[in-house]
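Report on the following structure.
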Amino acid sequence: MTRRDIVVLGSTGSIGTQAIDIIRRNPDRFRLVGLGAGGSSLGLLADQAIEFGVAVVAVARGAAARGLEDALRRAAQRHQGPAPARLPKVLAGPDSMLELAGWPCDTVLNGMVGSVGLASTIAALTAGRTLALANKESLVAGGNLVRAATVRTGQIVPVDSEHSALAQALRAGTDPEVRRLVLTASGGAFRDRVRADLTSVTPAEALNHPTWAMGPVVTINSATLVNKGLEVIEAHELFGVDYDRIEVMVHPQSVIHSLVEFADGSTIAQCSPPDMRLPIALALGWPDRVPEAANPVDWTSSHTWHLRPLDELAFPAVALAKAAGRAGHGRPAMYNAANEECVAAFLGDRLPFLAIVDTVERVLAEAPDFAEPSTVEEVLAAEAWARARAREIVLAVGKET
């Protein structure tokens with residue numbers, strides 16, 4: 001088996017550190033050749049670079065270049081005594097991630113957070129790299145740009161557990177045989193509540209996710225089900241399935257990660273304990289599986305798994321995402337950007353919980369008639385308008401309360 005050269009964007013984040021752990025445990029399969037991060041954890045980035053002897057390290061914050069060089073020298077001394085004659089090449093600044101995304105390798109893992117990852121996704125695809133994609137904003141905000149940059153079939157391999165599950169289940173049939181996709185959702189902190197129970201919930205309650213340990217924005221998105229709305233748009237872009245053939249079911253145990261229903265009535269599900277190392281390893285090794293990537297389900301014990309329809313009255317974010325996806329013209333990018341502003345306001349006690357999605361809906365309803373974005377700059381312009389309008393609405397809500 002040929003060893004694959006890997007570049008990891010967002011190497012100090014959750015996805016990046018887990019990917020590096022998989023690479024560390026499988027040196028016969030993978031070789032880490034490049035690393036990139038925002039610049040907030042220079043010590044960790046330097047340690048990663050020296051441990052694996054990578055050729056290049058990129059930091060998005062240009063002012064952090066000198067600090068990264070110093071951190072690399074210190075890491076080299078800790079790992080192997082005197083600093084080696086040749087440290088990794090250092091790239092710095094906003095364009096550094098684009099250069100790193102096109103660096104000679106087999107696979108680029110994009111684990112960056114936010115729509116800032118869109119340009120790197122396009123750069124990796126244009127360079128012909130296989131893209132292990134964890135940056136959902138790339139497809140949500142710039143799906144048509146990503147499709148245009150793709151140079152071969154199967155170039156994008158999803159890292160999200162739900163989309164990885166769909167990709168695995170879709171192996172069971174041909175495209176014309178697919179009837180519908182079913183994404184599962186943990187349901188977040190409030191999965192057992194109706195809308196009337198959500199009027200006065202606090203950020204602390206919303207951040208108390210029953211299954212996953214995630215960052216604050218993703219955890220709030222799970223509580224509102226906005227995360228599932230984003231994943232529905234992503235599934236549409238990845239697999240070319242119409243929105244009316246993509247469903248969401250609440251599955252509190254988070255073991256069934258998604259399902260595919262076929263034309264003959266068969267449904268194929270992918271199941272595993274909640275552990276992101278499995279979809280990350282599969283994305284790095286695709287289409288081959290990496291042995292012992294994660295622990296399997298214990299089939300010697302009894303299990304009870306529940307699936308139930310989503311309460312769209314309490315959680316309208318998924319229906320709103322589908323409407324944004326159908327409308328196009330920058331609406332998916334606006335959906336994501338407005339939500340980020342509203343989540344920040346909720347976490348800052350400036351917006352009630354239910355007003356998060358209500359405000360996103362209002363932003364979309366008031367949006368001007370943008371053309372379908374044809375450049376990254378046009379995507380960012382649509383996002384900027386949505387952010388500004390969301391902030392205005394949040395400010396007005398705060399004055400009213």
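Return the only residue of Ala204, Ala283, Ala196 being among the small types (Gly, Ala, Ser) and surrounded by 16 or more Cβ atoms within 10 Å (Cβ to Cβ).
Ala283
I'd like to check which strands (runs of 3 or more DSSP E) are fully inside segment 53-126 and have at least 2 residues that are over 29 Å from Ala382 (Cβ atoms). It would help to see each step written out before you state the result.
Numbers: elements: 56-59, 89-92, 107-110.
Answer list for segment 53-126: 56-59, 89-92.
Which one is nearest to Leu284 (Cα to Cα), of the residues in segment 54-64 that are modelled with pLDDT of 95 or more and surrounded by fewer than 24 Cβ atoms within 10 Å (Cβ to Cβ)?
Val54
In the list Asp28, Asp21, which residue meets the criterion of being without any contact (Cβ under 8 Å) to a residue 60 or more places away in the chain, not aliphatic (A, V, I, L, M) and not in a strand (DSSP E or B)? Quick ask: steps written out before the conclusion?
Numbers: Asp21 fails: without any contact (Cβ under 8 Å) to a residue 60 or more places away in the chain.
It is Asp28.
Would you check if Gly348 is free of Cβ contacts under 8 Å to residues at least 12 places away in the same chain, closer than 27 Å to Asn208 by Cα and in contact with a helix residue (DSSP H, G or I) (Cβ under 9 Å, 6 or more places away or on another chain)?
Values: free of Cβ contacts under 8 Å to residues at least 12 places away in the same chain: yes; closer than 27 Å to Asn208 by Cα: yes; in contact with a helix residue (DSSP H, G or I) (Cβ under 9 Å, 6 or more places away or on another chain): yes.
Yes; evaluated as a whole, the condition is true for this residue.
In segment 219-240, is there at least one residue being modelled with pLDDT under 95, under 15 Å from the mean Cα position of the chain (by Cα) and among the small types (Gly, Ala, Ser)?
yes
Under 7 Å by Cβ, and 6 or more places apart or on different chains, what pairs join a residue from segment 172-192 that is without any contact (Cβ under 8 Å) to a residue 40 or more places away in the chain and not assigned by TED's automatic domain parsing to the domain that holds Leu238 with one that is among the aromatic types (Phe, Trp, Tyr) and surrounded by fewer than 16 Cβ atoms within 10 Å (Cβ to Cβ)?
Final answer for the pair search is none.
Gly187 versus (1) surrounded by 21 or more Cβ atoms within 10 Å (Cβ to Cβ); (2) under 19 Å from Val113 (Cβ atoms): which is the lone unmet condition?
(2)
Contact list please: Cβ distance under 7 Å, first residue in segment 116-136 and outside the structural domain of Arg152 (by TED's automatic domain parsing), second residue among the polar types (S, T, N, Q) and modelled with pLDDT under 95, pairs at least six apart or on different chains.
none
How many of the residues making up segment 149-173 are assigned to a helix (DSSP H, G or I) and exposed (fewer than 13 other Cβ atoms within 10 Å of the Cβ)?
Step one: of segment 149-173, the residues assigned to a helix (DSSP H, G or I) are 149, 161-172.
Narrowing further to those that are exposed (fewer than 13 other Cβ atoms within 10 Å of the Cβ): 171.
Summing the residues that are assigned to a helix (DSSP H, G or I) and exposed (fewer than 13 other Cβ atoms within 10 Å of the Cβ) in segment 149-173 gives 1.
Taking segment 359-401 as the search range and keeping residues that are charged (D, E, K, R) and within 23 Å of the chain's Cα centre (by Cα), which one is surrounded by the fewest Cβ atoms within 10 Å (Cβ to Cβ)? Please lay out each step first, then the result.
We begin by selecting, within segment 359-401, every residue charged (D, E, K, R); these are 361-362, 366, 369, 372, 377-378, 383, 387, 389, 391-392, 399-400.
Next, only the ones that are within 23 Å of the chain's Cα centre (by Cα) stay: 361, 372, 377-378, 383, 387.
On the way: Glu361: 18, Glu372: 12, Glu377: 9, Glu378: 17, Glu383: 24, Arg387: 18.
By that ranking, first place goes to Glu377.
Just give me the residues in segment 242-260 being over 15 Å from Ser164 (Cα atoms) and either modelled with pLDDT under 95 or surrounded by fewer than 20 Cβ atoms within 10 Å (Cβ to Cβ) (or both), in sequence order.
Matches in segment 242-260: Asp242, Tyr243, Asp244, Arg245, Glu247, Met249, Pro252, Gln253.
The values are calculated or read from the model by the stated rules, or taken from the named source; none is laboratory data. Treat the numbers as computed from the prediction; the structure is a model and nothing was measured. Reconstructed Cβ throughout: ideal geometry from the backbone, glycine too, with neighbour counts over all protein chains shown.
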